[in-house]
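Everything below concerns the one structure shown next.
The values are calculated or read from the model by the stated rules, or taken from the named source; none is laboratory data. If you're wondering where the values come from, they're calculated on a predicted model, not measured in any experiment. A quick note on method: Cβ atoms are made from the backbone with ideal geometry, for glycine too, and the neighbour counts reach across all protein chains shown. The protein model used for the area step is the full one, side chains on, heavy atoms only, and it has no ligands, DNA or RNA in it. Shrake-Rupley method; radii C 1.70, N 1.55, O 1.52, S 1.80 Å.
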Amino acid sequence: MTDSRPWPESRARVGAAARAVVALAVLAVLGLAPGIAAAQGRPLPLLPGASSGPGVDTGTGGGAPPPLGPAREIAPPPGGLSDSERGIPGDGAPASAGPASVPITLGAVRIGPGGLPAEPWVGTPLNQAVGLVATLPVGGSSPVVADLRRRLLLTEQMAPGATQAAVLDLLRARVAVLDRLGAPADAVLALTDPVPPAMRDEALDRARLRALLLEARDQPACALAAKVGAGHAAALWQQAAVHCALLAGKADQAMLGLAVLREMGGTADDAFFRLAERLAGLDSPPPDSLAGASVVTYRLLRRAEGVSAPADGLRDDDPWTARTLALAGTGPAEVLAAAAERAASLGTLSVETLGDLWARLPVDPRDLQTPVSQVVLGDRSLDRALAHAILFRETDPARLAEDLLHPLETVRERHPALYPVHARLYAPLIRRVPVLPAVPVFLGVPAGRALYTAGSVEAGRVWLADLRRQGRTDTDAEDAAALLWPLARVADAALDGPLPTDQLILWRQARAARLGEGADASRTLDRAHVLLLRVLEALGAPVTEAHWLPVRTNRVFFEVVTMDGGHHDPDRLAALAVAAEAGQVGAVVANVLLALGPDGPGGASLETLGAVLPALRRVGLKAEARRMAVEALVAHGF
């Protein structure tokens, strides 16, 4: 009887077997295969002090970068853990003697402040929860989206069904998203440490290894590779073994491992071979491309003196490369500036770290003397980094106020998706602007807009109050206060209550004066009016017929409601409505992030915003709904 199984399955099994042979061959050459260690009668740790016991040390190695501090603006440190969150125990071993088991509840952030307001997955089927997490968006540049994604992944949560299999299924999905993002190692380890080593599969082990290597935490990474690498066939583990051999000064073993990998086709990562050979003492040419390169290759790049990251090292389809390059600091200033900005927009670097990294970029000192108004005419991340560096060094408050206008308004007009990140970046500098004897009116709206977008509501409240006080005798300050009112009303819970019609009228008058005359200007104003009222309604504000009067008779009202062109996914919104009705916090957050689309709140349709904002409020995420609404309004010109 002939075998009826399809050829692809047979080829896959042969390929898996071949990869396993390559893995064992490389590890045998490097002295890392378990059988070789046993034959020698002793363990073979790659590095002095490497663990040979049942657990793997996850402490920081000597070359590790300093831990990121907690964000000072609105959210806990993007992608990472605060000092209090790091206190949640999880040493990778069972709490008591007996059969290995996985805790039913896993998470790095406790439910409540800093996490989600309630147990995420109560009432949600397991397959639905896993599917939602697995499809979470990892692109975009919205801080509120990044913060909600982080909290959904890290909040302590019980998997539906509360079985060990269910916990592991959900955990794998959570860790996979963190891995794709290049999230801080502390976050990945906090989720996976409580899982006994014997119960971690290759996906969990791989995420741990990648997270450690990304931050150059070589000692725990090499201990992990030595402990479990022989059991995994993926080329990443053999690459890690070569890296660890080089670290230990065993260049001959590393070269043998490279030869076996090359002969047996273990990896097509040419940059890895070139960098490993250079670190072993050979005069191999530096890589000219990092296309398809693994995190081990990026780690080797960080070690190789005199070698810069090629321009394609920052890969849009691999978000983890952004934080990796930003922390490595190896490459042209233009690449490093773009990597840091991208990582901050993804939420894997705090804005404080973005500013620090930009300040350390190798730039010509003469460029720091260039007027900011000229620097911002460039359209690169490096130009934006240079503008920030100049302003950060500015000691004259009057000059600072004048120059702040340029980067804030330029990025808002040219790169609106990046504006929320830059608003948070510049908020501390705005606080240094003197408001006595008078607020610099030319900065009135740009600075206030940035403060509210950054979530610095109290600072925005003070700024607006100063403008209003000055507006009693200064019409420009009065107009600036009127233009800021919509953002203040949306962002500041202290302004809840009746919706003042006179403020709405003052805003329309000030906005009309800036837009000018003509049919297009009138149409733009009416569309903004409709968007504002719809957002306020979605936030629970008491919008009445009187507030609609200026646009009720205009055709634009019906066009905006029925023909808005933003992202709109009816099926996703239907799923969101079901989850919100049932009070399923995790399903609501996941569906909101998916419903917004690739461009976040700024690219969502009016109908989408009208669904996601009330859904967030319904599950106790009112502050997040406000922040999301502010991002949407700013993206539409407010």
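The H on the amide N of Ala604, modeled in the peptide plane, is under 5 Å from the matching H of His567, each at least 5 residues off or on a different chain. Ranking Glu341, Glu402 from most to least accessible surface, computed with a 1.4 Å probe over the protein chains only, gives Glu402, Glu341.
Computed from the Cβ-Cβ distance with R0 of 45 Å, the FRET efficiency linking Glu305 to Ala577 stands at 0.20. Once backbone amide H atoms are built at 1.01 Å from N, Val109 has Thr155, Glu156 as its partners under 5 Å, excluding neighbours fewer than 5 places away on the same chain. Under a model in which nothing but the beta-carbon of Lys, Arg (+1) and Asp, Glu (-1) is charged, the stretch 201-307 shows a dipole of about 280 debye around its Cα centre. For the stretch 430-534, relative contact order (Cα pairs under 8 Å, six or more residues apart, normalised by length) works out to 21 percent. Give the share of C-alpha pairs in each 10 angstrom bin for the stretch 201-307, from 0 to the last occupied bin, in whole percents, shortest bins first. Calculated over all Cα pairs of the stretch 201-307, the distribution is 16, 53, 30, 2 percent. Between the residues Val351, Ala322, Val375, the greatest Cα displacement towards the positive end of the dipole of the stretch 309-379, with unit charges on the Cβ of Lys, Arg, Asp and Glu, is found for Val351. Farthest towards the positive end of the charge dipole of the stretch 103-254, among the residues His243, Thr135, Leu189, is the Cα of Thr135, using unit charges on the Cβ of Lys, Arg, Asp and Glu. For the stretch 506-625, the mean projected area of the C-alpha convex hull, equal to one quarter of the hull surface, is 8.1 nm².
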